[in-house]
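Derivation of every value follows stated rules applied to the coordinates shown; laboratory data play no part. For clarity, every value in this text was computed on a predicted model and none was experimentally measured. Neighbour counts run over all protein chains shown; Cβ positions are idealised from the backbone, glycine included.
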Ligand code: SF4
């Protein structure tokens, strides 16, 4: 495992406006979760976040919109943001995460400076109807294939702890492997009382074992990233995620939940003898 840890930061540039019914997602309008909702974050604010992320050592910066997929308005906005961030913060690798997307739309994002696209499979194909009924799992898979066809770097992962079986988890990991992703974000379901799922039943030991399993199954991926739910799932044991097989984390806040203070994460990495990755 690399001694350097790849840091990624995310910006929710459009929040809480999605009409889909994903039961794990507080951004769906259906569940009325108590989160901030806005159509477009001001571009200047996003640029400032990007500067702060870079200053903290982040190499990746992900522009996330809460919609099922890209429409013309979303595409225009993400391109505008990508150009503004690229101009002001040149050494940041831009990632877009805007839902289902065609090859043509992905090529437009690429032209605007986006280097990678994140679209998660979320869970196994067989379990997916239990957590979402408004769009099929297959659409998610096809968008990931489109990312590969467009020549963007593919980032795809999923969520553990939504009530899926171990068989489902293995099935999802194998599906992820089949897409040949560069980076695999593993999220651990962070329960919100407004959402219809039960709280995450995983123990910390089980979650660590899942990181190891992901690393084993998706052995060709450059990065196994621990993303949402890290603080809640691993608490004081989060130093163990690296031993388990992770070599990338999200720093700062998540889409609708607060992360740890960035300096705490940087101190943790230093105390473990890890550096911060400076190149992809
Ligand atoms: S499509 Fe995406 S943003 Fe919309 S509810 Fe599902 S996970 Fe959330």
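Can you check how the C-alpha radius of gyration of the range 51-113 compares to 2.2 N^0.38 Å, as a plain ratio? Write down the numbers at each step before the final one.
Values: Rg = 11.7 Å, N = 63, 2.2 N^0.38 = 10.6 Å.
So the Cα radius of gyration is 1.11 times the expected 2.2 N^0.38 Å.
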Quick check: pseudo-label points 7 Å beyond the Cα along Cα→Cβ at residue 203 and residue 73, how many nm apart are they?
4.9
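Normalised by the empirical 2.2 N^0.38 Å for globular proteins, what value does the Cα Rg of the range 1-80 take? Kindly include the intermediate steps, with their values, before the conclusion.
Numbers: Rg = 14.6 Å, N = 80, 2.2 N^0.38 = 11.6 Å.
With N residues counted in the range 1-80, Rg over 2.2 N^0.38 Å equals 1.25.
What list do you get for 28, 271, 56 if you sort them by fewest beta carbons within 10 Å?
Ascending Cβ contact count within 10 Å gives the list 271, 56, 28.
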For residue 166 and residue 253, what is the calculated FRET efficiency with R₀ set at 41 Å and r taken between the beta-carbons, to the nearest 0.05?
0.85
Between residue 272 and residue 216, what's the calculated FRET efficiency when r is the beta-carbon distance and R0 is 35 Å? Round to 0.05.
0.95
Label points 7 Å out from Cα along the Cβ direction at residue 38 and residue 148: separation in nm?
3.7
With labels modelled as points extended 7 Å from the Cα through the Cβ direction, what inter-label distance (nm, one decimal) is found for residue 243 paired with residue 19?
5.0
State the antiparallel share, in %, of DSSP beta bridges confined to the chain, rounding to the nearest 5.
5
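Based on the alpha-carbon gyration tensor of the chain and its eigenvalue square roots a ≥ b ≥ c, which shape applies: rounded if a/c is under 1.5, prolate if not and a/b is larger than b/c, or oblate? Display every interim value, and only then the final one.
Details: a/c = 1.30, a/b = 1.06, b/c = 1.23.
It is rounded, given that a/c, with a ≥ b ≥ c, falls under 1.5.
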Fully extended, how many nm does the chain gain between residue 263 and residue 51 (0.36 nm per residue separation, minus their Cα-Cα distance)?
74.8 nm
Distance between the range 118-141 and the range 11-45 - C-alpha centres, whole angstrom:
19
